[in-house]
Amino acid sequence: MKMTKHDVAVVGIGQTKFRSKRRDVNIPEMIYEAVKMALDDAQLEPKDIDALVIGNMDHFEGINFSELMCGIEAAPGYLKPVVKVATGGTTGSSLAICGYHHVASGIYDNVLVIGWEKLNEGGATTGIITAFDPVWERPSLAGALGPLALMAGMYSAKYGITAEQAAKVTVKNRSNAANNPFAHLQMPNITIDYVMSSQMISYPLRLHDCCPQSEGACALIYANEKETKKITDNPAWFHAVETAHYYTFGTDDKMYDLPTATFASKKAYKKAGIKNPVKDLDVAEIYEPTSWSELSWTEALGFCKPGEGGKLLDEGITQMSGEFPINPSGGVLSTNPIGATALVRVAEAATQVMGRGEKRQVPDVEKALAMGFGGSLWTEILILGKEPMR
Amino acid sequence: MDKVAIVGCTQTKYEADKIDQTYSELVFEVVKKLHNDLGINNDDIGCVITSSNDFNDGRTIANMAIQDAVGSVRKAESRVSGDGAFAFMYGAMRIFSESYDTVMVVSHCKCSEVNQYLVNNTIFDPYYQRHLGLDQVSSAGLMANMYMNKYNVTEEQAARVVVKNRKNALNNPYAHLQEEITIKKVLDSKMMAYPLKELDFPPFSDGAVAMLLAKEDVAKKMTENPIWFKGYGNCTDAYYLGNRNMTDLIGLELAAKEAYRMAGVNNPVDDLDVCEVSENFSIHELMIYEALGLCDKGEGGTFIEGGETEMNGSVPVNPSGGVLSSNPTMANGLIRVAEIVLQLQGKADKRQIPNAKTGLAYGMNGICSQGNCVLIFGGE
């Protein structure tokens with residue numbers, strides 16, 4: 001079979017309001033909220049959807065082949081192709097990238113991409129601990145917060161980043177979240193003191209240096225050039241999708257930076273024709289599981305030099321009012337429905353490109369970056385723009 | 001745009017309990033063999049798609065464990081959670097989208113490390129059905145009973161599937177169960193879920209499979225014998241068994257129709273030279289014949305009695321011995337693809353179907369053919 005490569009655009013967006021507990025709905029009901037919103041947004045009927053890509057992390061809710069339940073019961077997957085992709089924290093961006101290839105390959109004209117998690121029906125940390133090698137890693141360095149605390153400690157020791165600078169990230173993101181109707185933790189009046197006096201979880205991470213766990217779903221509809229034209233005159237086009245992995249054991253690496261973010265972003269910038277990310281991109285939605293990681297990731301993504309993440313923040317460049325706002329949505333520190341978290345980054349980047357961010361809109365966005373982070377410290381980068389690449 | 005070809009594939013021997021190898025060692029075995037067979041190294045691989053399942057591996061993010069083994073250092077890897085046939089398709093998409101020139105697809109499973117009945121019970125919804133204790137055996141019993149009742153298919157006819165596949169497995173050095181059995185032995189085996197008996201079901205196996213996909217010009221440089229990807233269909237049936245037509249595999253039927261349309265297959269019996277299908281129990285293979293259009297509805301039993309799907313029949317099905325002989329669950333679909341590649345390359349040795357030009361591989365997700373992926377390949 002011969003196929004023709006297509007340009008791909010986001011044409012419909014749906015997100016639930018994220019909360020720590022959604023006791024009013026079961027899993028399919030919760031996902032349906034985001035699916036219905038995306039379908040309405042693209043003015044499509046369930047029958048119009050060609051294929052589904054859906055994912056979460058199996059162990060968190062304890063449902064095997066969850067796509068076979070949720071793709072049918074919560075979304076229009078009956079008698080359609082349904083594929084599940086699950087890669088840990090990057091699940092959402094892996095879904096977003098898989099959806100891109102569904103349409104770019106010419107196999108399908110459109111695709112519905114869904115990420116979700118309902119963490120209070122299972123246990124995230126219990127699930128994450130089993131990701132680590134049962135012999136070498138599980139007894140010493142397993143789960144999410146242990147390795148992230150180690151990274152924060154190494155990073156701050158290497159570059160002299162202070163707890164106050166880290167706390168400023170939380171203050172920035174959670175006050176941004178107040179402008180985002182879907183965000184989980186909306187704290188417009190949060191202060192640096194409040195973050196720095198919160199409970200110590202795993203040195204140097206305090207409670208408010210860490211992301212919450214949220215319940216909710218995110219759904220996106222992509223289409224090729226021809227279908228996009230019929231649906232909207234305001235789509236967000238994909239310019240680049242990239243993934244980079246590194247070692248199986250995170251501790252094989254230096255831990256004070258994130259090399260995969262550098263590998264993936266360099267490739268993506270090349271593809272999207274970006275020379276200076278801070279100037280050529282208008283906004284970034286990055287995957288910061290802790291306050292410290294946002295500072296470190298900004299370096300790895302080439303927004304500033306190594307060790308200057310704190311300075312970039314102090315100069316106000318990444319604030320809403322700055323030259324290059326990071327996480328206008330409030331980021332992962334405000335909202336973290338794991339299987340959907342990285343897809344929310346893509347949804348928010350697309351929202352910015354479409355100019356539909358309302359109170360959280362950055363003015364005149366032409367190009368936006370979305371990032372996924374997870375697994376054994378791997379990174380995915382997606383770049384979206386107002387115009388198609390070619 | 002370019003076409004997509006498979007340039008090489010490798011498999012482990014399938015066994016009940018590969019206690020001397022971890023998941024990643026199993027994967028490394030097939031990846032290394034693939035490198036050696038093709039005379040390539042890790043730099044020749046554009047990206048990697050893996051297929052695995054967290055429940056079967058007993059690990060969240062099961063692909064984390066095999067990063068080193070698949071060589072995805074500074075490279076892109078993504079994981080389809082489910083059967084390997086679906087991973088193959090994602091790999092092919094990445095070439096069709098002009099993102100990569102070559103993609104390695106790998107699938108692994110070690111059934112020996114977990115209780116497969118519990119793993120399959122967790123496929124059922126947590127609110128209403130899981131507590132009933134449904135799993136792959138009890139649900140297969142329900143399906144087989146309804147199908148046999150509707151179409152008057154007999155237990156002897158079902159047993160013939162097992163006899164055929166086990167006999168074929170004798171010719172496949174990778175196969176797990178290599179022992180010829182009789183219809184009587186199948187009929188006399190322990191009842192599992194009426195009307196299905198112990199030997200109507202596959203064993204549980206450990207193993208891994210890998211293959212390299214390449215775009216047209218790269219494929220031609222890498223091998224004299226590329227196998228071209230010709231057709232694809234993917235269709236998902238209803239989730240709740242009560243919402244399904246349990247006597248016909250509707251999802252597979254629609255997936256096959258789509259794949260046939262794409263590949264220009266008009267009459268499957270004439271146009272297909274060989275099929276490798278994921279038959280999860282004896283009766284399932286008869287139902288698969290019907291859904292693939294190899295015979296009419298309800299004719300699966302008489303079709304196998306006529307010997308049509310035997311090695312020397314009009315359309316041989318599962319020359320490898322199929323799932324009934326080797327069952328590393330998540331890898332089953334990709335093994336079907338690998339076996340079709342060997343057939344079309346003329347490298348299937350003792351299990352070779354003479355002059356095989358077009359072949360079909362069928363991979364399945366979930367319970368009783370809920371998720372269906374049909375792939376068609378050709379040598380030219």
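Read-outs throughout are calculated quantities, based only on the coordinates presented, and are distinct from any laboratory measurement. For clarity, every value in this text was computed on a predicted model and none was experimentally measured. We place every Cβ from the backbone using ideal geometry, glycine too, and count neighbours over all the protein chains shown.
Tabulated data
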item: Loop-located trypsin sites (Lys or Arg not before Pro) in segment A:197-239 whose Cβ has at most 14 other Cβ within 10 Å (DSSP); result: none
item: Between segment B:146-168 and segment A:190-249, the Cα center-to-center distance that results, in Å; result: 51
item: Fewest-first sequence of A:LYS279, B:LYS18 by Cβ atoms within 10 Å of each Cβ; result: A:LYS279, B:LYS18
item: Leading residue at positive end of dipole, segment A:70-179 (Cβ point charges), from A:ALA124, A:ALA144, A:ASN179; result: A:ASN179
item: Reach of A:LYS229 by Cα under 18 Å, taken over aspartates and glutamates that are not fewer than 8 positions away in the same chain; result: A:ASP7, A:ASP40, A:ASP41, A:GLU45, A:ASP48, A:ASP50, A:ASP109, A:GLU387
item: Entries of B:LYS110/B:LYS164; A:LYS275/A:LYS305; A:LYS270/A:LYS305; A:LYS17/A:LYS84 with Cα pairs more than 20 Å apart; result: B:LYS110/B:LYS164; A:LYS17/A:LYS84
item: For segment A:73-120: rounded, prolate or oblate by the Cα gyration tensor [a/c cutoff 1.5]; result: oblate
item: Formal net charge of residues neighbouring A:SER291 (Cβ-Cβ distance under 15 Å; K, R +1; D, E -1); result: -3
item: Computed [θ] at 222 nm, helices only, for chain A once each DSSP H run of length n ≥ 4 contributes -39500 (n - 2.57); result: -10500 deg cm²/dmol
item: Among beta bridges that DSSP assigns inside chain A, antiparallel share in %, nearest 5; result: 75
item: Relative counts (whole %) of C-alpha pair distances in chain A, using bins that are 10 Å wide; result: 5, 26, 36, 24, 8, 1, 0
item: Acute angle (nearest 10 degrees) that the helix A:163-177 long axis makes with the longest principal axis of chain A, alpha-carbon atoms; result: 30
item: Under 17 Å from B:LYS297, Cα to Cα: lysines that are on another chain or at least 8 residues apart; result: B:LYS150, B:LYS257
item: Virtual spin-label span in nm between B:TYR117 and B:LYS185, 7 Å along Cα→Cβ; result: 2.4
item: Nearest-20 debye value, segment B:65-151 charge dipole, Cβ charges on Lys, Arg, Asp, Glu; result: 80
item: Amide H partners (placed H, <5 Å) of A:GLU288, local residues excluded; result: A:VAL332, A:LEU333
item: Percentage relative contact order, segment B:16-165, counting C-alpha pairs under 8 Å, at least six apart; result: 25
